[in-house]
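See below for the structure under consideration.
The values are calculated or read from the model by the stated rules, or taken from the named source; none is laboratory data. In this text the structure is predicted, and so the values were computed from the model without any measurement. Positions of Cβ are generated from backbone atoms using ideal geometry, with glycine treated the same way; all protein chains shown enter the neighbour counts.
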Amino acid sequence: MTTLVWFRQDLRIKDNPALFEAAKSGRVLPVFILEPADKTGETHPLGGASRWWLHHSLKALQQDLPGLVLLKGSARHLIPEVAKQAGVEAVFWNRCYEPHAIERDTDLKSSLKDDGYEVKSFKASLLYEPWELETQSGGPYKVYSPFWKAARQIEIDDALPAPEKLEIADYDGGEELESFDLLPKKPDWAKGWEGLWTPGEAGASERLGSFLEEGLKGYGKLRNRPDLPNVSRLSPHLHFGEISPRQIWHATQDVMDRRSSLGDDGMKFLSEIAWREFSHNLLYHFPKLPSENWRSTFDEYPWKEPEGELVKWQKGQTGYPIVDAGMRELWQTGYMHNRVRMIAASFLIKHLRLHWRHGEAWFRDTLVDADLANNSAGWQWVAGSGADAAPYFRVFNPITQGEKFDPDGDYIRQWVPELRELETQYLFAPFDAPAEALEKAGIKLGDTYPKPLVDHAKAREAALEGYEVVKQAGQDDA
């Protein structure tokens, strides 16, 4: 039997259930389709940074899987067309959980079955199917802690090996990778990223091994320190399916079993993998999560219209060093440390009082790990409009957050070099530094480094006033 295996968010050979099962049945025709958003109805298409990653991930997969067919267009039309041309008997894929993908896959599975093909889909990108975990009263979990407690009771399947034998079917057709036009050109804002990242299955495996060996120890406490290497940086590899959560789960458990002292750190790391699962659970059950407030009372929040402040936030010119460091790290690397993501997001929403959708859109365009579920759930969590977002009125102080999580100022100095010579005691709020300290460091506020866009105390007060409107709306609904 010849089986068409449709690759999507599973750009790997190992622990790929669709590929594994197809290989057992005979020849395999591996296919990847780049679908333009207007062909899918997708409202949140891949951003520029994700497109850069996808190019290099596909390039790596082509090396691991010679015979991979690249196509561009509507999968609804291309899959049946290629299946007929290639004379396949079956079509397999691993499941996606975005709203547009569910609709597309459901329609396609039905039409292919009507045409006489065997069609199977598999779990590959999540530990738990969104319909597997329900509360005792029925329905999805809306709070993370009980979700994680319930998830820990479920045994995780072993990861699958690479197929023992993989016979690739012949197919005369397909596109060249360069025709996808995924890379930035004028300008090439991703220049140098190849030295920062290694997209592909081998790079993902190497990154996991390095983290477990060197970064897991102390993870529970040090993961909040952007100046330290105690984070996995596996998120883009997970997003494109170059590694599976099952592989990560079992590799981490193995390390915990061998080194009992890493038990707490390992469990904390696994809880972060489960947070990703929780986000996908939310997206599946609440498909409007990327575009609408999960808590409808937040529709009443008095957002401001974006003006110059949004651009200054995007460029890392807010006058608050920890925020600016994060935004510049994002632009220069396609990544931002998770703690700083929360600080930068809080600043946009609660200091500038701009709608979380503006931040979600910018992160989606500039992050190499811009996962629809994580990005949407994360922004709504910070805004207070999402699930498990209590206390929703919390406003991060960007000064004290910097002092707490970048105590020596190494992270700020790396990404905001114009502040490099400023004494650490003044580094987190240079606008409060004495004139002689600024002069000694060669800093002219408003010239070499911006003055703060807003006053923290006043901005916090205004944000809380806005939340009073939300609170009142909730009381009125009750």
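Hey, any hits in the range 167-190 for a residue that's basic (Lys, Arg), at pLDDT below 95 and surrounded by fewer than 18 Cβ atoms within 10 Å (Cβ to Cβ)? The answer is yes; a qualifying residue exists. So which residues in the range 430-467 are in contact with an Asp or Glu (Cβ under 9 Å, 6 or more places away or on another chain), over 23 Å from residue 308 (Cβ atoms) and assigned to a loop (DSSP other than H, G, I, E, B), if there are any at all? Result: 433, 441, 442.
Condition check ((1) under 17 Å from residue 353 (Cβ atoms); (2) out of contact with any Cys (no Cβ under 8 Å at 6 or more places or on another chain); (3) modelled with pLDDT under 95) across all residues:
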| residue | (1), (2), (3) |
| --- | --- |
| 386 | no, yes, yes |
| 394 | yes, yes, yes |
| 418 | no, yes, no |
| 424 | no, yes, no |
| 431 | no, yes, no |
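The condition of being at positive phi and crowded, with 23+ Cβ neighbours inside 10 Å holds for residue 409. Residue check: residue 63 meets all listed conditions (1) more than 25 Å from the chain's Cα centre (by Cα); (2) surrounded by 21 or more Cβ atoms within 10 Å (Cβ to Cβ) but one, namely (2).
Restricting the first member to the range 354-383 and to residues that are under 19 Å from residue 57 (Cβ atoms) and at pLDDT below 95, and the second to residues that are basic (Lys, Arg) and surrounded by 22 or more Cβ atoms within 10 Å (Cβ to Cβ), no beta-carbon pair is closer than 7 Å while six or more apart or on different chains.
Of the residues making up the range 1-22, those that are more than 15 Å from residue 120 (Cα to Cα) and either among the basic types (Lys, Arg) or not assigned by TED's automatic domain parsing to the domain that holds residue 108 (or both) number 2.
Is it the case, given these coordinates, that residue 132 is in a loop (DSSP other than H, G, I, E, B), loosely packed, with under 15 Cβ neighbours inside 10 Å and touching a residue at least 12 places away in the same chain (Cβ under 8 Å)? For residue 132, the condition - in a loop (DSSP other than H, G, I, E, B), loosely packed, with under 15 Cβ neighbours inside 10 Å and touching a residue at least 12 places away in the same chain (Cβ under 8 Å) - is met. Anything in the range 144-161 that is aliphatic (A, V, I, L, M) and buried (at least 16 other Cβ atoms within 10 Å of the Cβ)? List them, or say none. 150, 151, 159, 160, listed by residue number. Restricting 288, 312 to those that are in a helix (DSSP H, G or I) and either at negative phi or touching a residue at least 24 places away in the same chain (Cβ under 8 Å) (or both) reduces the list to 312.
Yes or no, residue by residue, for (1) of a type in the set (Ser, Thr, Tyr); (2) within 18 Å of residue 428 (Cα to Cα); (3) out of contact with any Asp or Glu (no Cβ under 9 Å at 6 or more places or on another chain):
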position	(1), (2), (3)
332	no, no, yes
356	no, no, yes
372	no, no, no
403	no, yes, yes
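Scanning for something of a type outside the set (Ser, Thr, Tyr), out of contact with any Ser or Thr (no Cβ under 8 Å at 6 or more places or on another chain) and modelled with pLDDT of 95 or more, does the range 85-94 turn up at least one residue? Among the residues of the range 85-94, at least one is of a type outside the set (Ser, Thr, Tyr), out of contact with any Ser or Thr (no Cβ under 8 Å at 6 or more places or on another chain) and modelled with pLDDT of 95 or more, which makes the answer yes.
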